[in-house]
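Read through the structure below, which is laid out as structure tokens, and then see the notes.
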């Protein structure tokens, strides 16, 4: 029996500018999004009915809820394709922390949608598949693309950015969740910033890009810190590593990332952080690998 497998990569908001909530309850945003070379592993295979099995270090914590984003996306795919509920067995090897600001659930759904299209030989183009991915949230289409992009509007207005070079990074999650809804509510309780899109850097070398990113911001970082003080400790821990050039929270947290001049520096930092924080989730990675 044919089993198709893919990586569902972690999504990183290199910056995140957020505006005031609109009448429909959505926040306009501007972000430069990159994907890591680490993430969850997903697989699909033909079956008699639709099912989802969870494995991996964070599988038990996720739980097989009936409204899991993977199942929601596949049921929508069946509606659009006119095939009914897809008869597939899906296995999710959950390697990314939960509620971590890494777009894990949306990335899982995006990877599974592409595998399902292949496994079921569906005549659905990329644009239609992106529309299906939107059922999981505003970041569904970008996570289906899995390409570096500027994200605007509600996160669904995407412009590919192939100039971003691979960036050596460390991802550090302190082992606590940071629920997106609560962070946005805390953000709305204080004067908000604007969803301004900065001019791109004139120089796309690694050093110049990091310098450019350093004057951007994540507007959700302060409210997330207020709700989850462990994020501040995570930022301090990564900031203390040798050669780190930039430290910032991704998305609504609680994962923070550090950028480094070389992969060797990132790997050394990850080893030191893992040794000093044995209960944290730490990994070295490369971002913007297309």
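The values are calculated or read from the model by the stated rules, or taken from the named source; none is laboratory data. Computed from a predicted model, the values in this text were never measured in an experiment. Methodologically, a virtual Cβ is constructed for each residue, glycine included, from the backbone with ideal geometry; neighbour enumeration extends over all protein chains shown.
Just a yes or no: is a residue in segment 151-158 crowded, with 22+ Cβ neighbours inside 10 Å and in the same structural domain as residue 85 (by TED's automatic domain parsing)?
Step one: filter segment 151-158 for residues crowded, with 22+ Cβ neighbours inside 10 Å, giving 151, 155.
Checking which are in the same structural domain as residue 85 (by TED's automatic domain parsing) leaves us with 151, 155.
Yes, segment 151-158 contains a residue that is crowded, with 22+ Cβ neighbours inside 10 Å and in the same structural domain as residue 85 (by TED's automatic domain parsing).
Which of the strands (runs of 3 or more DSSP E) found entirely inside segment 1-117 contain at least 3 residues meeting this: buried (at least 18 other Cβ atoms within 10 Å of the Cβ) and outside the structural domain of residue 231 (by TED's automatic domain parsing)?
Qualifying strands (runs of 3 or more DSSP E): 4-18, 29-46, 88-93.
Against the condition within 20 Å of residue 142 (Cβ to Cβ), out of contact with any strand residue (DSSP E or B) (no Cβ under 6 Å at 6 or more places or on another chain) and without any contact (Cβ under 8 Å) to a residue 60 or more places away in the chain, how does residue 101 come out, does it pass? Steps first, answer last, please.
Values: within 20 Å of residue 142 (Cβ to Cβ): yes; out of contact with any strand residue (DSSP E or B) (no Cβ under 6 Å at 6 or more places or on another chain): yes; without any contact (Cβ under 8 Å) to a residue 60 or more places away in the chain: no.
The answer is no for residue 101.
Out of (1) within 19 Å of residue 254 (Cα to Cα); (2) modelled with pLDDT under 95; (3) in contact with a strand residue (DSSP E or B) (Cβ under 6 Å, 6 or more places away or on another chain), the odd one out for residue 61 is which?
Every listed condition holds for residue 61 apart from (3).
Taking the stated definitions as given, is residue 181 surrounded by fewer than 24 Cβ atoms within 10 Å (Cβ to Cβ), outside the structural domain of residue 102 (by TED's automatic domain parsing) and in contact with a strand residue (DSSP E or B) (Cβ under 7 Å, 6 or more places away or on another chain)? Reasoning before the result, please.
Details: surrounded by fewer than 24 Cβ atoms within 10 Å (Cβ to Cβ): yes; outside the structural domain of residue 102 (by TED's automatic domain parsing): yes; in contact with a strand residue (DSSP E or B) (Cβ under 7 Å, 6 or more places away or on another chain): no.
Answer is no for this residue.
I'm checking my understanding of the structure. Among residues of segment 236-290 that are in contact with a helix residue (DSSP H, G or I) (Cβ under 9 Å, 6 or more places away or on another chain) and assigned to a helix (DSSP H, G or I), which one is nearest to residue 17 (Cα to Cα)?
Step by step, filter segment 236-290, then rank; the result is 238.
For residue 75, all conditions in the list (1) modelled with pLDDT of 95 or more; (2) out of contact with any strand residue (DSSP E or B) (no Cβ under 8 Å at 6 or more places or on another chain); (3) more than 17 Å from residue 133 (Cα to Cα) hold save one; what is the number of the exception?
Unmet for residue 75, out of (1) modelled with pLDDT of 95 or more; (2) out of contact with any strand residue (DSSP E or B) (no Cβ under 8 Å at 6 or more places or on another chain); (3) more than 17 Å from residue 133 (Cα to Cα): (3).
One line per residue, one yes/no per condition, for (1) outside the structural domain of residue 99 (by TED's automatic domain parsing); (2) assigned to a loop (DSSP other than H, G, I, E, B); (3) within 30 Å of residue 264 (Cβ to Cβ); (4) touching a residue at least 60 places away in the same chain (Cβ under 8 Å):
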position	(1), (2), (3), (4)
121	no, yes, no, no
133	no, no, no, yes
147	no, yes, yes, yes
172	yes, no, yes, yes
187	yes, no, no, yes
195	yes, yes, no, yes
209	yes, no, yes, no
222	yes, no, no, no
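Only residues that are at negative phi and surrounded by fewer than 23 Cβ atoms within 10 Å (Cβ to Cβ): list them for segment 239-260, please.
Within segment 239-260, 239, 240, 241, 242, 244, 245, 246, 247, 248 qualify.
Condition first: in a strand (DSSP E or B) and farther than 18 Å from residue 200 by Cα. Now tell me which residues in segment 149-170 satisfy that.
168, 169, 170, listed by residue number.
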